[in-house]
Amino acid sequence: MTGPNRKASRHFYAAEQLEVGESVASLARWLGHSDPGFTLRTYAQIATISSQHVSSQPRLHQKGQIIQEFATVKLFPLGLSYETRVYSCQRLNKVLADTPILYGLYKKHHWLMRGATFYQLHLVLDKHAGEQLELIDALAERVQTLGGVAVGDPRHVAAITSIPRPPDGVEEVPAMLSRLLEAHETILTQAHDAAARIAELGDDGTSDLLVSQVIRTGELQAWFLAEHLVDTPLVGA
């Protein structure tokens, strides 16, 4: 492309990059301008005009304000008091912070399983991990349903979880299973207490979620794990 068309294309590209947030300094370097101020003066007006037209260029590097802080709830017409919804979200977020850690432990031990029971435990742990993943989504959506903000970033989760971090290496299989059982008990203890207190406040939906999904799933999975720690002979009596 040469002549006026090339110049117009160059102008349009430069203006569009300014519009989507490209820094003036980097654009000036690309254009070969020694003075970023010259670049800004030249293309700012074109950018204003071009912003009135539809473009296929993604608007990159956008920043925005936080529109709802963590640990707050919006006004929702749910027939529940503000205080009840705040409390329910606090308790749900605590369980929600521990559940992805349990999920991660299941996947870690699924991958690192060893020994004669490798195959069956490899499959069982992966099945349990999938069930915990479903619980994560159910818990987070319940927080949002109540008008709250679900904990989601893994670094935030790590800051508030109650489950200890495991070693980075491979533990013996009984230690893996014991670690999973301890994590289950941590979550189940919280869930039992939260369900009872939340039920007293009239939040039946949250109480039902904790009982029918978190507690029942956790108890069943704990049973499966615990039976693998029974020291019983395989042949003979």
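When only residues in the stretch 1-25 that are touching a Pro at 6+ places or on another chain (Cβ under 9 Å) and either assigned to a helix (DSSP H, G or I) or open to solvent by 60 Å² or more (accessible area, probe 1.4 Å) (or both) count, which is modelled with the highest pLDDT?
Residues of the stretch 1-25 that are touching a Pro at 6+ places or on another chain (Cβ under 9 Å), as a first pass: 20, 23-25.
Next, only the ones that are either assigned to a helix (DSSP H, G or I) or open to solvent by 60 Å² or more (accessible area, probe 1.4 Å) (or both) stay: 24-25.
Numbers: VAL24: 78, ALA25: 82.
So, considering only residues that are touching a Pro at 6+ places or on another chain (Cβ under 9 Å) and either assigned to a helix (DSSP H, G or I) or open to solvent by 60 Å² or more (accessible area, probe 1.4 Å) (or both), the one modelled with the highest pLDDT is ALA25.
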Completion exercise
Residues of the stretch 213-237 being of a type in the set (A, V, I, L, M) and surrounded by 10 or more Cβ atoms within 10 Å (Cβ to Cβ), in sequence order, are VAL214, ILE215, LEU220, ALA222, LEU225, ALA226, LEU229
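Taking THR145 as the residue in question, decide whether it is open to solvent by 40 Å² or more (accessible area, probe 1.4 Å), modelled with pLDDT of 95 or more and closer than 22 Å to VAL86 by Cα.
On the way: open to solvent by 40 Å² or more (accessible area, probe 1.4 Å): yes; modelled with pLDDT of 95 or more: yes; closer than 22 Å to VAL86 by Cα: yes.
It is true that THR145 is open to solvent by 40 Å² or more (accessible area, probe 1.4 Å), modelled with pLDDT of 95 or more and closer than 22 Å to VAL86 by Cα.
Results for (1) in a helix (DSSP H, G or I); (2) within 30 Å of SER81 (Cβ to Cβ); (3) free of Cβ contacts under 8 Å to residues at least 24 places away in the same chain, shown as yes or no for each residue.
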{"site": "HIS122", "(1), (2), (3)": "yes, no, yes"}
{"site": "ALA129", "(1), (2), (3)": "yes, no, no"}
{"site": "ASP137", "(1), (2), (3)": "yes, yes, yes"}
{"site": "VAL157", "(1), (2), (3)": "yes, yes, no"}
{"site": "GLY169", "(1), (2), (3)": "no, no, yes"}
{"site": "HIS184", "(1), (2), (3)": "yes, no, no"}
{"site": "LEU188", "(1), (2), (3)": "yes, yes, no"}
{"site": "ARG197", "(1), (2), (3)": "yes, yes, no"}
{"site": "GLU219", "(1), (2), (3)": "yes, no, no"}
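Mind telling me which of the residues GLN52, GLN62 ends up being within 39 Å of the chain's Cα centre (by Cα), over 30 Å from GLN90 (Cβ atoms) and modelled with pLDDT of 85 or more? Steps first, answer last, please.
On the way: GLN52 fails: modelled with pLDDT of 85 or more.
So the residue among GLN52, GLN62 that is within 39 Å of the chain's Cα centre (by Cα), over 30 Å from GLN90 (Cβ atoms) and modelled with pLDDT of 85 or more is GLN62.
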Fill in the blank from the handout: All conditions in (1) open to solvent by 50 Å² or more (accessible area, probe 1.4 Å); (2) within 22 Å of the chain's Cα centre (by Cα); (3) closer than 15 Å to ALA97 by Cβ are true of ILE163 except (1)
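Based on this model, can you work out whether PHE70 counts as modelled with pLDDT of 80 or more, assigned to a loop (DSSP other than H, G, I, E, B) and not basic (Lys, Arg)?
Details: modelled with pLDDT of 80 or more: yes; assigned to a loop (DSSP other than H, G, I, E, B): yes; not basic (Lys, Arg): yes.
Yes.
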Exercise for the section: Look through the stretch 170-187, keep the residues that are farther than 29 Å from ALA71 by Cα and of a type outside the set (D, E, K, R), and return whichever of them is surrounded by the most Cβ atoms within 10 Å (Cβ to Cβ). Expected result: MET176
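Residue-wise test of (1) in contact with a helix residue (DSSP H, G or I) (Cβ under 8 Å, 6 or more places away or on another chain); (2) open to solvent by less than 40 Å² (accessible area, probe 1.4 Å).
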residue: ILE136; (1), (2): yes, yes
residue: ASP168; (1), (2): no, no
residue: ALA194; (1), (2): yes, yes
residue: ASP208; (1), (2): no, no
residue: VAL211; (1), (2): yes, no
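Considering the stretch 77-96 alone, what residues qualify as being in a helix (DSSP H, G or I) and open to solvent by less than 70 Å² (accessible area, probe 1.4 Å)?
First, the residues of the stretch 77-96 that are in a helix (DSSP H, G or I): 82-96.
Passing the criteria: THR84, ARG85, VAL86, TYR87, SER88, CYS89, ARG91, LEU92, ASN93, LYS94, VAL95, LEU96.
The values are calculated or read from the model by the stated rules, or taken from the named source; none is laboratory data. The structure displayed is predicted, hence computed values, not measured ones. Here the Cβ is made from the backbone with ideal geometry for all residues, glycine too, and neighbour counts use every protein chain on show. Calculation scope for accessible area: heavy atoms of the full protein, side chains included, ligands and nucleic acids excluded. Shrake-Rupley method; radii C 1.70, N 1.55, O 1.52, S 1.80 Å.
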